[in-house]
Each structure stands twice: as structure tokens, then as C-alpha cells.
1. I'd like the full set of residues that are within 11 Å of another protein chain (Cβ to nearest Cβ) and among the charged types (D, E, K, R), limited to segment B:32-67.
2. Evaluate the following for A:D237: is it in contact with a helix residue (DSSP H, G or I) (Cβ under 8 Å, 6 or more places away or on another chain), of a type outside the set (S, T, Y) and surrounded by fewer than 22 Cβ atoms within 10 Å (Cβ to Cβ)?
3. Only one residue in A:A144, A:A112 is small (G, A, S), crowded, with 24+ Cβ neighbours inside 10 Å and under 17 Å from B:V75 (Cα atoms). Which one?
4. Pick out the one residue from A:L268, A:L292 that is more than 20 Å from A:V234 (Cβ to Cβ), in contact (Cβ under 8 Å) with a residue 12 or more places away in the chain and either out of contact with any Lys or Arg (no Cβ under 8 Å at 6 or more places or on another chain) or not in a helix (DSSP H, G or I) (or both).
5. Counting only residues that are crowded, with 18+ Cβ neighbours inside 10 Å and either more than 10 Å from every other protein chain (Cβ to nearest Cβ) or of a type in the set (D, E, K, R) (or both), which one in segment A:127-140 is farthest from B:S88 (Cα to Cα)?
6. Please work out which residue is nearest to B:K26 (Cα to Cα), limiting yourself to segment B:68-79 and to residues that are surrounded by fewer than 22 Cβ atoms within 10 Å (Cβ to Cβ) and more than 7 Å from chain A (Cβ to nearest Cβ).
7. Would you check which residues across segment A:177-205 are within 14 Å of chain B (Cβ to nearest Cβ) and either in a loop (DSSP other than H, G, I, E, B) or touching a residue at least 60 places away in the same chain (Cβ under 8 Å) (or both) and list them?
8. Which condition from (1) within 23 Å of A:I131 (Cβ to Cβ); (2) of a type outside the set (S, T, N, Q); (3) within 12 Å of chain A (Cβ to nearest Cβ); (4) touching a residue at least 40 places away in the same chain (Cβ under 8 Å) is the one that B:V103 breaks?
Amino acid sequence: MRRVAVIGVGISRFGELWDMSFRDIVISAGTEAIEDANLEGREIEAMYVGNMSGGRFISQEHISALIADYSGLASINVPSVRVEAGDASGGVALKEAYISVASGIHDIVIAAGAEKVTDVGSASEIMDSTIDQEWEAFPGASLAGLYAMMARLHMHEYGSTEEDLAGISVKNHKNAVKNPKAQFRREIKVQDVLSSPYTAEPLKMLDTAPISDGASVLILAGEDVAGKYTDTPVFIDAIIQSSDFIALQSRESILEMKAVKTAVRKALRMSRCELNDVDVFELHDSFTITELLLYENIGLCRHGEGHMLVREGETEIDGRYPANPSGGLKACGHAVGATGIRQAGEIVLQLRGDASGRQVQAERGMAVNIGGTGATAVVSIFRR
Amino acid sequence: MLPRFWRKIRYRYNLIGTECTNCGKKFYPPRNLCPECRRKSRIAEVELGETGTVVSYTVIHDSSESYKLQKPYVVALIKLDSGPSVISQIVCNPDDIEIGTRVRAIFRKYGEDGEEGIIYYGTKFEPVI
């Protein structure tokens, strides 16, 4: 296996992009990535696209071909693969793209993610399709409802509070102010979160990431060719995907995310480093409780102590474990299939020193992308 | 939704799961393959009883279209006394439930496909008083 570098990053605006179609959004990110990588375009050998539900959001399947076409790659007949893994689609697309370069099969590939969600009114119901439809959704649970049960149990077992969860949302909003691509570039207060309506108790509207339009694109190259295009390659030292039981009722503990734990352990081993060597994190905060549980399951603290990190400010941008300098899913936006690539893109910008206004001094960064309630996890470690 | 609902109706109306007789582990929802024993799985149906304890719960305020008339309603993760866990609605006032509440299975309506469509029934729970 050879080392794989990220040589280009492109991220569209995230949000309610009423004036942009699916293909407009993809091209916006793709053009930026290709310019960033100094590519002509003809060098691209393959393309992997994370997209959760084109079929339901815009009644468009065959997304792979559509994107290749509008990216100008159909004329050179580049193979294109669409990857679906709920809201971990982007992370899994990145893993597939990584493997294709690491293996030596391709030299330069595109890893993309895209979602257009505002053309339908039932976006949150489509998001709920990442949970077990027959045995979770049928009895009336929603994605929010399942995370709410995790939150309730955490509060009961360990004494975390709704204020603690609100603190995560407040932090992510604060970080997003400095991110020009973010959906919500405004600060909020703990009280704003607490007074927002309940969606599934104890989770509220402002504990919940939006469902956004957006696309993100990374260009990967083998180490031997990366130098032709950039002086600041960022290497993917590890990218690991793991799975867990899809329904919460099948898991031994609903506060333990075994897919995350396994992927983190393997990723650290593959990149030959320890958690303390990682300087910046992008974590999948589909709900505030998701980010809190990730602190514990990644190993930033012990089980039952996630809220202490919040109280001590350890995951603020100037804390010991800066988490979501981009604003995370909550404030940068959650363009579903684009999110895993967007997280990786933020880490690359951070490691290159290109995250002006929200820059963390970092040599290594980690991205954690989750599907549904954690049945899919993708953990990647990057180094400059 | 209809075919896949109908297919497992036996397991929805009653708390019937499966058991791997090779290792003794019980499953709800039913599995045809034991994740521990895999190729050595020996699967048989098993009745899971009616009683259990609330592990965690939520009150759903923002529901899918099919449940909007019922909200707010209580959904819980229940650990059955027989071993497996189940996600189900609990028929009660949200104030009458907490983690640890003892509950019993009951047969209830879940919803319907419009005025002339099929009615969905299934297992819900109620607090044991």
C-alpha cells in the first residue's frame, strides 16, 4: 500500500440553497477542489460520491453518472460510484476512494459527497430512514427519539444535564461564525437552546443539526504524484469503517458506540499514534448528545464524563481537544451525504493552516462520521 | 409498508422472538441467524413473556406523518424479564413513567392506511400499577 494525500479541497455553501439545484451545488464544490489542486481535470481517474437518498430527496437515482457528467468527466469516461451509508455516506465514499489510490489502482481520484434536501417537505422523515424501519420506526421512534433515549439514560446514570448538551450547541454555533461556508453564522446562548421546543424529550430543536443542501469534494493522489500538484499535501494516515447492530434494542448498552470504539482503535494503530497526538477533531454532532457520546467512545474521557469536558471547556476551539472548529453539523450544516467529506475537508484546511479565523495549531486531525444511531462509523486520521 | 408489516405480524401481535438453541441467546426482533454462532445457529421460536422494565424513554413531540395525531406520545426501550430488549410505545401519561418503571405488554392499534386502508395493530406496553 502507498500513502495517500489530499491535494485539493472544495466545499460549497451549506444551508437552504433555494437557488441552486443538485448539480449546481456539486459543481460549486468540485470547481473549487480542482482549482485548489491545480488539476486540469483530465488526470482524474475515478470518482466516489457519498449520497444518502437522491431517490427520495430529488427522485434522482443514478447519481453517480449524473455527477460525473456535470463535473465534465463523462467526456473522458471516468468511472463513478455512488456510496450510501446513511449520513455516513460521505465518510464511506472517502474510504473507498482512499482504497483505490492506496492499492495503486488509481493515481488521482475524486471523493465527493452531495445532498439536495430542500426540494421536499419531508426531509426529516427521510433522515429517519437511517433507523430500523420495521422495529424502531414502526413503533413510533424517530432518529431524534432514539438519541433522546440515549440522552435520558446518560442524564440518569451520570448526572449530565440539558444545559450540558446546550453547551455543545452553543460552542458549535460560536465556531461557525468564523466559517464562511457555514449555514448558521451566529452565536446562540444556552438559554436559547433550553427554550427551543422539544422534538423528543430531552432533546430540543437547537440540540438538533439542520438538514441542509451542500456538497464537498476532496481530491486524493498517491504520495508519488502528489508533489506535482501541491507543496502542502495532507496525508490520510488511516481511515477505518466499522458497523454495529442497526437497532438500539440489539445493543448491550445504548451509551456504548462499539463501531466508533473499534474504528478509533484500529485507526490509531494504523496511523501509529495515540489519541493525545491528535490536535483537532471534527465530530458527528447530528444531535448534541451524539457529540457528547463521541467524546466518551473515542476515548477523550471515560464513560460518563463527557459532560465534564463541556463544563471545563476542553472541547472549545482553544481547549485541550478542539471539537468542530467548522461549527459541526449543528451550525455548519448537515448536508447528509456530504457531511463526511466536509468534515475531512475541514481537517485538511486546519492542517494546511488555511482555516483563517478558526485556526487550530495542529499536526494531526481526526474526523468521525456516523450513520444513523451509530450502526456505521468512519474514523479517519490526517497528518500534514 | 404493507407487505413487510404483514410478513412479521405474528411477532408484532405477540412478543414472540427467536432463540439460538446452540448458545441459548434470545432475540427480539426475531433473527434467523445467531450473530454469535452463525453457521452453527439453531434457531427456534420462543415466547418472551409480557413483563419488563424501562431502560430509557422519550416523549416524541415531532413525529412522522403517520403518528402526528398521537403526539406527544411515549416511546421506550424496555428490557424484557426474559432477556431481550424491545422498542415500543407506552400507553400512559408522560408524567407516569421513569427509568425503572415496570411495564406489561398489551395489544393495541398503531395506525391505519387512511379511512379505508388496513389498520395496523401491535404490541404496546402500560405501566404495572
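The values are calculated or read from the model by the stated rules, or taken from the named source; none is laboratory data. Since this is a predicted model, take the numbers as computed values, not measurements. Every residue, glycine among them, receives a Cβ derived from its backbone with ideal geometry; neighbour counts consider all protein chains shown.
1. B:D62, B:E65
2. Against the criterion (in contact with a helix residue (DSSP H, G or I) (Cβ under 8 Å, 6 or more places away or on another chain), of a type outside the set (S, T, Y) and surrounded by fewer than 22 Cβ atoms within 10 Å (Cβ to Cβ)), A:D237 qualifies.
3. A:A144 is the lone residue from the list that is small (G, A, S), crowded, with 24+ Cβ neighbours inside 10 Å and under 17 Å from B:V75 (Cα atoms).
4. One residue alone meets the criteria, A:L292.
5. A:M127
6. Selected residue: B:K79.
7. A:S196, A:P197, A:E201, A:P202, A:L203 - these are the residues of segment A:177-205 that are within 14 Å of chain B (Cβ to nearest Cβ) and either in a loop (DSSP other than H, G, I, E, B) or touching a residue at least 60 places away in the same chain (Cβ under 8 Å) (or both).
8. All conditions are met except number (3).
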